[in-house]
Amino acid sequence: MAADRTRIRIHYSLDRPMDLLEYQGKQLFARHGIPISPGKPARTVEAAVAAADEIGYPCVVKAQVQIGGRGKAGGIKLADDPGEVREYAAAILGMDIGGLTVNEVWIELASDIASEYYASIVFDRSAKAPLVMLSTKGGMDIEAVADEDPDAIARLHVDPLLGFQSFHGRRLAFEAGVDADVVRPVGAMLAQLYEAFIAEEATLVEVNPLIVTPERVVRVLDAKVTLDDNSLFRHPENAELRDSSAEDEQEQMARERGLTYVKLDGDIGILGNGAGLVMSTLDVVALAGGRPANFLDAGGGSKAEAITSAVEVILSDPKVKAVLFNIFGGITRCDEVAKGLIEAFEVVKPTVPFVVRLDGTNDVEGRRLLAEAKLPNVHAESTMDGAAKKVVELAAAP
Amino acid sequence: MSILVGTETRLCVSGITGREGTFHTLRNREYGTSVVSGVTPGKGGQSVEGIPVFDTFHSAVAETAANTAMIFVPPVFAADSILEAEDAGIELIIAITEGIPAHDELRAYSVIKKNGRARLIGPNCPGVLSPGKANVGIIPAAFFKQGNVGLVSRSGTLTYQIGNELAQSGFGNSTIVGIGGDPVPGTDFIDVIGLFQDDPETELIVMCGEIGGDAEERAADFIAAHVTKPVLAYIAGFTAPPGKTMGHAGAIVSGSKGTAAAKEEALEAKGVRVGRTPTQVAELAVSLLGAAA
């Protein structure tokens, strides 16, 4: 495998994965019998000191944000006494790491480490099977390991109908070259991680490092867990873990209303139906010289209320100077979209111009409704390119 | 000819008695699709505008010789319905439902692949339209006519957009296939492009992809190795914001793949022309095939 250094971390930016904080991931692991170190979360310095006193010293003060590179950013510190916990917790709480504010720390009893390994299970879309990876080069930048020494990471796809068998664990442990005396416990740990991955319907479970203590006990020292949004209805205890503090106002509002919204930094509000068409609309607006303020997919089969609701979300961003509706109805009916827009004009009373392009299911009826409503400053366009040009022109107008 | 759906199609709709299920089933029938039955557990014996409803796929297949299923039930029931259709011997299962849990999809996909007797299209897809012959799904058929362009896409509405641009340039379609945008699509670009390569009616293949995953990159390799017909591509998402992806496992697996630029580069390296807008795709089609009638 050729080393590839251009690691652009785009997964699929419009998916809405639910990333857990480290300690939430560990608590989830614990439910599946995976050994974790004693620890407690804390949101204030006082709570951090109290937690440390309860757990014992030395302990580790760890910033809780859903992003890597916490150690390098100074977000993980080893504390020997209450004074140090106070000092580190004060420094870490409120810290900005990769654009995310630290609102919580996890206080954990420090571990003695003999070896650090890396383990992960990822939902491999390409192979259409879970991929389990294990490496003895844990505790460091695993992407650099993948670049420089790809063979140092043992990889194995698991047939989802077969599930993870003991031999899978042994094979990965032997191929990764873990210490001979921990082949079985490491294999067993992988089996437990796989069980958690399936039972909790995760799309990612990553542990870096997975440690072996001097007493030869295998334990997880970190946890990155991403859950599948679509399955949360079956896991109410996980659904409650969502951290909305990382979302901005519009994103939170949109999610509560069941809309897919991503905030961008331009001034043209965009509403379309279907992720592909909305992405294409962003591209066409950008090519026409405009800067989209958001990505908003009203979804398939949007009813009038959803459209009204979406208009409210778009216009709650004060930067928006014009709005483009680009609808090609399949399951979405253009008359419903038109009704929603008309309703939105009654409720929200927008002051910015709208450009509306309606094609597809019930488009004739939709266009008729819009024409009859005679909404102020709403421009009908018949093509996507024409609509993009028009909205860019309107947004640029003084 | 056409691929996947046509005059041989005998359709059974799972979820036929739901509001959307009824609406689109009747539209499909109105278009000329032979809709032979529907399935809604507990509503066997009823009928929807003359279409008999059964409690199970097994009875629907036995009574009406259905060979194609359309899945139109809510996400929580969808994987089960797909597996029921497969178990009942349906050959082609088209799953429209959006929002199916990823692990459910994976299990359904794995069973279908292992048994090897059915093909799954979707989930989260707009369906399949062979203009003039049959429409199974939610594609607004009135915009498309019979012709020589095979169109395959991950996105529903973008499919309509591109198809409509081609139609405005005078092109018709052999078949339009929406493979869906979910993590585990039952059918990939490669599968459909292979079918179009073997379909005598198809003279040009248009594939419409978007950011994420590596299906377009794999299609590029497949096209270079196996496809003699001209292929055009469109990729959506050049200006989409990079997603915040946690952990490193995804990056180790996928490398740099996934961006629109990487996909465009991979396709063009294998001789596939990539249009930057839906309109440009239609212009490229004209330059390849000449102005259509």
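Quick notes on this structure:
- Here the Kirkwood formula puts the hydrodynamic radius of the range A:307-356 at 11.3 Å, using every distinct Cα pair.
- Placing a label point 7 Å from the Cα of A:Arg43 along the Cα-to-Cβ direction, the residues of the range A:98-119 with a backbone N closer than 20 Å are A:100-108.
- Share, in percent, of DSSP beta bridges within the range B:11-121 that are antiparallel, nearest 5: 10
- Expected-Rg normalisation [2.2 N^0.38 Å, Cα atoms] applied to the range A:319-393: 1.02
- If you bin all the Cα-Cα distances of chain B at 10 Å, starting from zero, the percentages per bin are 7, 29, 34, 21, 8, 1.
- Projecting the alpha carbon convex hull of the range A:96-166 along each direction and taking the average yields 8.0 nm².
- Size of the range A:113-239: Rg and Dmax of its alpha carbons, in Å, are 14.3, 42.
- A:Lys349-A:Glu237 FRET efficiency (beta carbon distance; Förster radius 51 Å; 0.05 resolution): 0.75
- Restricting the range A:226-318 to GluC sites (Glu not before Pro) in coil, as DSSP defines it, with at most 13 other Cβ within 10 Å: A:Glu240
- For the range A:147-202, the relative contact order is 32 percent, taking Cα pairs closer than 8 Å that sit 6 or more residues apart in sequence and dividing their mean separation by the residue count.
- Residues whose amide H falls under 5 Å from that of A:Thr203, counting only those 5 or more places apart or on a different chain, are A:Thr226, A:Leu227, A:Asp228, with hydrogens built in the peptide plane.
- Extending 7 Å from Cα along the Cβ direction at A:Thr213 and again at A:Phe174 yields two label points whose distance is 2.9 nm.
- Modelled FRET efficiency - R0 41 Å, B:Gln46 with B:Glu8, Cβ distances, 0.05 increments: 0.95
- Dividing the mean sequence gap of close Cα pairs (under 8 Å, 6+ apart) by how many residues chain A holds gives a relative contact order of 12 percent.
- Mean residue ellipticity, 222 nm, helices only, chain A: the sum of -39500 (n - 2.57) across DSSP H runs of n ≥ 4, divided by residue count and rounded to 500, is -11000 deg cm²/dmol.
- Among the residues of B:231-238, the average count of other protein chain beta-carbon atoms within 10 Å of the residue beta-carbon is 5.
- Hydrodynamic radius by Kirkwood, which averages 1/r over all alpha carbon pairs of the protein assembly as shown, in angstrom: 26.7
- Dimensionless Rg/Rh of chain A - Kirkwood Rh, Rg from C-alpha atoms: 1.07
- Alpha carbon centroid spacing (whole Å) that separates the range A:333-385 from the range A:244-293: 19
- Structure note, pairs B:Lys113/B:Lys263; A:Lys303/A:Lys389; A:Lys349/A:Lys374; A:Lys339/A:Lys374; A:Lys349/A:Lys390: Cα-Cα distances above 18 angstrom occur for B:Lys113/B:Lys263; A:Lys303/A:Lys389; A:Lys349/A:Lys390.
- Separation of the B:Glu268 and A:Glu87 label points, Cα + 7 Å toward Cβ, nm: 5.6
- Sorted fewest first by neighbouring Cβ atoms within 10 angstrom, A:Phe174, B:Phe189, A:Phe167 come out as A:Phe167, A:Phe174, B:Phe189.
- Values of log10 I(q)/I(0) for the range B:11-121 across q = 0.14 Å⁻¹ run -0.48, by the Debye formula with one identical scatterer at each alpha carbon and no solvent.
- The calculated FRET efficiency for the pair A:Lys72 and B:Lys113, based on their C-beta separation and a Förster distance of 60 Å, comes to about 0.90.
- Among A:Ala387, A:Ala152, A:Ala127: highest mean-square fluctuation, GNM of chain A, C-alpha pairs under 10 Å: A:Ala127
- Residue order, fewest to most beta carbons within 10 Å, for B:Glu63, B:Glu264: B:Glu63, B:Glu264
- Residue with peak Gaussian network fluctuation, chain B [Cα springs, cutoff 10 Å], from B:Val184, B:Val48, B:Val36: B:Val48
- Exposed-loop-free span, longest in chain B, where trypsin sites (Lys or Arg not before Pro) count as exposed if DSSP calls them loop and at most 14 other C-beta atoms lie within 10 Å: B:146-293
- Largest GNM mean-square fluctuation among A:Val182, A:Val60, A:Val105, using chain A with Cα springs under 10 Å: A:Val182.
- Fewest neighbouring Cβ atoms within 10 Å first, the residues A:Glu215, B:Glu84 line up as A:Glu215, B:Glu84.
- 10 Å Cβ neighbours from other chains, averaged over peptide A:312-320: 0
- Over all orientations, the range A:241-398 has a Cα convex hull whose mean projected area works out to 8.6 square nanometres.
- Computed across the range B:134-212, the Kirkwood radius stands at 12.6 Å (inverse of mean 1/r, all Cα pairs).
- The mean sequence separation of alpha-carbon pairs under 8 Å and at least six residues apart, normalised by the residue count of the range A:8-132, gives a relative contact order of 27 percent.
Every read-out reported here was derived from the displayed coordinates using simple, explicitly stated rules and does not represent laboratory data. Since the structure is predicted, the reported quantities are computational estimates derived from the model, not experimental observations. Quick reminder, even Gly has a Cβ in these numbers, built from the backbone with ideal geometry, and neighbours come from all protein chains shown.
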